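**Q** One structure follows; several queries about it will come next.
The values are calculated or read from the model by the stated rules, or taken from the named source; none is laboratory data. The structure presented is a predicted model; accordingly, all values stated were derived computationally and were not measured. In this analysis, Cβ positions are derived from the backbone assuming ideal geometry, glycine residues included, and neighbour counts consider all displayed protein chains. When the accessible area is computed, the model is the full protein with side chains, heavy atoms only, and any ligands, DNA or RNA have been set aside. Shrake-Rupley method; radii C 1.70, N 1.55, O 1.52, S 1.80 Å.
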Amino acid sequence: MNAPDRYERFVVPEGTKKVSYERDTKIINAASFIIEREDHTIGNILRMQLHRDPNTLFAGYKLPHPLQYKIIVRIHTASQSSPMQAYNQAINDLDKELEHLKKVFQAEKIRIENISL
Amino acid sequence: MVGVSYQRFPTVKIREMKDEYMKFELRDTDASIANALRRVMIAEVPTIAIDLVEIMSNSSVLNDEFISHRLGLIPLVSKKAMEMRFSRDCDACDGDGQCQYCSVEFCLNVRCEGDQTLDVTSGDLRSFDPMVMPVDANIGKDFDEDSVDPSIQKKSGIIIVKLRRGQELNLRAIARKGIGKDHAKWSPAATVTFMYQPEIHINEQLMETLTLDEKEDWVESSPTKVFDIDPKTHQVVVVDPEAYTYDDEVIKKSEAIGKPGLVEIYPLEDSFIFTVESTGVISAYQLVINALEILKQKLDAVRLSDDAQENDEQFGELRQHLGGVL
């Protein structure tokens with residue numbers, strides 16, 4: 001009866017930002033990114049990619065509650081970088097990795113088909 | 001800092017590729033990418049499924065809701081799904097979801113006239129779009145056209161309901177694009193699994209201190225056939241490392257017979273073996289490609305908006321300024 005609509009899980013409500021940024025007031029170069037309507041799929045790859053960046057001192061994500069459809073990514077960087085820079089870099093690198101993966105996949109398919117012919 | 005990249009270059013090796021099944025190796029990446037890929041394939045690759053049913057008449061033994069639910073679960077060929085629009089963000093029909101860009105109409109009209117029970121199957125669904133139809137529709141047609149024997153007719157197809165003399169079912173259905181996160185009927189994946197590739201090292205020296213009986217006993221202790229004994233040399237050999245299920249049984253056995261370290265097994269943490277089975281709505285290969293595309297779109301969606309960045313830069317300047325004064 002009062003169950004929330006199923007689409008609530010993946011449709012960002014009107015007037016809400018997909019990503020909001022919140023700088024830490026006490027620690028410099030630390031910030032939280034609140035990402036609406038995302039889950040472990042995005043949270044975990046972002047976190048692991050951020051761990052590859054030597055300027056990132058801390059990167060973690062949490063799903064605060066299973067019925068709150070958002071994740072919080074917290075980043076703490078060294079002084080020569082900034083959380084925003086690290087965040088953008090991680091997304092760019094992941095994007096390139098997936099693009100690469102798609103290319104090698106297509107190439108591999110062609111290779112397999114030529115063998116079987 | 002500009003120009004620095006921590007990107008990886010994963011490699012892929014396809015081992016087996018059929019229409020609805022695929023097995024491949026993914027290397028030089030980590031578990032987060034492998035798991036994201038698996039999660040997207042199961043829950044976020046779009047397909048088409050019946051979402052709205054208008055029943056004109058139904059005198060069958062099943063109630064309207066029951067039949068609607070069954071219709072929703074029928075797999076429909078979804079090659080078009082990636083290009084289609086979601087009804088909720090379609091501007092052509094103001095979100096009522098009944099236009100050519102976001103929906104496909106089906107109708108079904110069957111009445112049983114004979115004394116024999118009539119099966120209503122997915123083959124009775126008439127699609128208004130030849131690109132979107134029940135996955136097994138073609139198999140059914142090949143049978144029907146020439147076959148004389150009515151018992152062979154309609155052997156394929158998914159049974160929706162059975163009718164007796166005088167009963168009828170007449171309905172109109174709207175199929176829409178959706179994702180598995182919304183409802184499992186939209187999931188294109190039957191199973192998607194991945195495992196770490198195991199690396200198995202047998203300590204040959206220690207193994208040779210075992211008698212043949214002990215070796216046989218040890219080989220048998222593995223619930224899956226990972227090891228075997230060479231009939232000529234009587235040496236223990238690894239026959240299928242991937243059959244290992246990380247159950248630790250052989251390691252426990254080694255300890256039990258007082259020879260710990262007989263074998264060392266560890267997972268290669270950057271190598272994954274994937275198996276992908278699709279439901280047939282798209283090919284297994286297309287499922288993987290679509291998943292990569294969707295994951296990329298999701299990443300693009302979580303990029304920071306420009307105004308957020310500007311705000312931060314201003315704040316940064318202020319901080320620098322203050323830092324200079326102090």
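**Q** Go through the cysteines of chain B and tell me which have no other cysteine Cβ under 4.7 Å away.
**A** B:C107, B:C112
**Q** Across the Cα atoms of the protein assembly as shown, what radius of gyration and what greatest pairwise Cα-Cα distance (Dmax) are found, in Å?
**A** Gyration radius and largest Cα-Cα distance of the protein assembly as shown: 28.1, 97 Å.
**Q** Per-residue HN-Hα couplings for the stretch B:218-231, Karplus 6.51 cos²θ - 1.76 cosθ + 1.60 at θ = phi - 60°, whole Hz, x for Gly and Pro?
**A** Here the 3J(HN,Hα) series is 5, 4, 5, 5, 7, x, 10, 7, 9, 10, 8, 10, 5, x Hz.
**Q** Could you calculate the FRET efficiency of B:T117 with A:Q68 from 1/(1 + (r/R0)^6), where r is the beta carbon distance between them and R0 is 45 Å, rounded to 0.05?
**A** Values: r = 51 Å, r/R0 = 1.13.
Result of the calculation: an efficiency of 0.35.
**Q** Of A:M48, B:M22, which has the most accessible area with a 1.4 Å probe, and how do the rest follow in descending order?
**A** Most to least solvent-accessible, the answer reads A:M48, B:M22.
**Q** Right, here's the next one. Can you give the mean number of other chain Cβ atoms that lie within 10 Å of the Cβ atoms in peptide B:32-38?
**A** 6
**Q** Now, a different point. How much net charge surrounds B:R126 when only other residues with a Cβ under 11 Å from its Cβ are counted (Lys, Arg +1; Asp, Glu -1)?
**A** Surrounding charge for B:R126 is -2.
**Q** Per residue of the stretch B:113-127, in order, report the coupling 6.51 cos²θ - 1.76 cosθ + 1.60 (Karplus, θ = phi - 60°) as ³J(HN,Hα) in whole Hz, putting x for Gly and Pro.
**A** 10, x, 7, 7, 5, 9, 8, 8, 10, 4, x, 7, 6, 9, 9
**Q** Is there a simple number for the mean count of other chain Cβ atoms within 10 Å of the Cβ of residues in A:99-110, and what is it?
**A** 6
**Q** Continuing with the same structure: Among residues other than B:A291 whose Cβ falls under 12 Å from its Cβ, what is the net charge (Lys/Arg +1, Asp/Glu -1)?
**A** Values: positive: A:K102, B:R38, B:R39, B:K296, B:K298; negative: B:E44, B:E293.
Taking every Cβ under 12 Å from that of B:A291, the sum is +3.
**Q** If you don't mind, another one. Evaluate E = 1/(1 + (r/R0)^6) for B:C99 and B:R165, where r is the Cβ-Cβ distance and R0 equals 35 Å; express this FRET efficiency to the nearest 0.05. Each step should come with its number before you reach the end.
**A** Details: r = 39 Å, r/R0 = 1.13.
Efficiency for this residue pair is about 0.35.
**Q** Could you list the trypsin sites (Lys or Arg not before Pro) in the stretch B:176-238 that lie in coil according to DSSP, counting only those with at most 11 other Cβ atoms within 10 Å of their Cβ?
**A** Answer in residue order: B:K232.
**Q** Looking at this model, which pairs from A:K70/A:K96; B:K79/B:K298; B:K225/B:K259 are more than 30 angstrom apart at the alpha-carbon?
**A** Values: A:K70/A:K96 25 Å; B:K79/B:K298 20 Å; B:K225/B:K259 21 Å.
Those over the limit do not exist; all pairs fall within it.
**Q** On to the next question. Kindly give the semi-axes, whole Å and largest first, of the ellipsoid equivalent to the stretch A:14-116, taking each as the square root of 5 times a Cα gyration tensor eigenvalue.
**A** Computed over the stretch A:14-116, the values are 32, 18, 11 Å.
**Q** Please report the net charge: other residues with Cβ closer than 11 Å to the Cβ of B:G72, K and R +1, D and E -1.
**A** Neighbourhood net charge equals +1.
**Q** Oh, and also: Could you give the accessible area per residue of the stretch A:14-116, probe 1.4 Å, as a whole number in Å²?
**A** 49
**Q** Counting protein heavy atoms only and a 1.4 angstrom probe, how many square angstrom of accessible surface do chains A and B bury in total, to the nearest 100?
**A** Protein heavy atoms only, the A-B interface buries about 5200 Å².
**Q** If the cut-off is a Cα-Cα distance under 26 Å, which lysines reach B:K162, setting aside same-chain residues fewer than 8 apart in sequence?
**A** Here the lysines satisfying the reach criterion relative to B:K162 are B:K141, B:K154, B:K185.
**Q** Taking amide H positions as placed in the peptide plane 1.01 Å from N, state which residues far from B:A190 in sequence (5 or more) or on other chains have amide H under 5 Å from it.
**A** B:E277, B:S278, B:T279
**Q** Let me ask something else. With the full set of protein chains in place, find how many percent of the accessible area of the stretch B:248-301 is carbon and sulfur; take the probe as 1.4 Å.
**A** Details: 940 of 2110 Å².
Looking at the stretch B:248-301 in its full context, I get 45 percent from C and S.
**Q** ³J(HN,Hα) across the stretch A:9-14 via Karplus (A = 6.51, B = -1.76, C = 1.60, θ = phi - 60°), whole Hz, x for Gly/Pro?
**A** Coupling constants for the stretch A:9-14: 5, 9, 9, 6, x, 4 Hz.
**Q** Continuing with this model, one more query. Order these peptides, A:39-46, B:80-87, by their mean beta-carbon neighbour count within 10 angstrom, highest first. Kindly include the intermediate steps, with their values, before the conclusion.
**A** Numbers: A:39-46: 22.0, B:80-87: 17.9.
Descending packing order for the listed peptides: A:39-46, B:80-87.
**Q** Given the peptides A:59-70, B:99-110, arrange them by the average over their residues of other C-beta atoms within 10 Å, most packed first.
**A** Highest mean packing first, the order is B:99-110, A:59-70.
**Q** Over chain B, what is the relative contact order in whole percent, taking alpha-carbon pairs under 8 Å and six or more residues apart?
**A** That works out to 26 percent.
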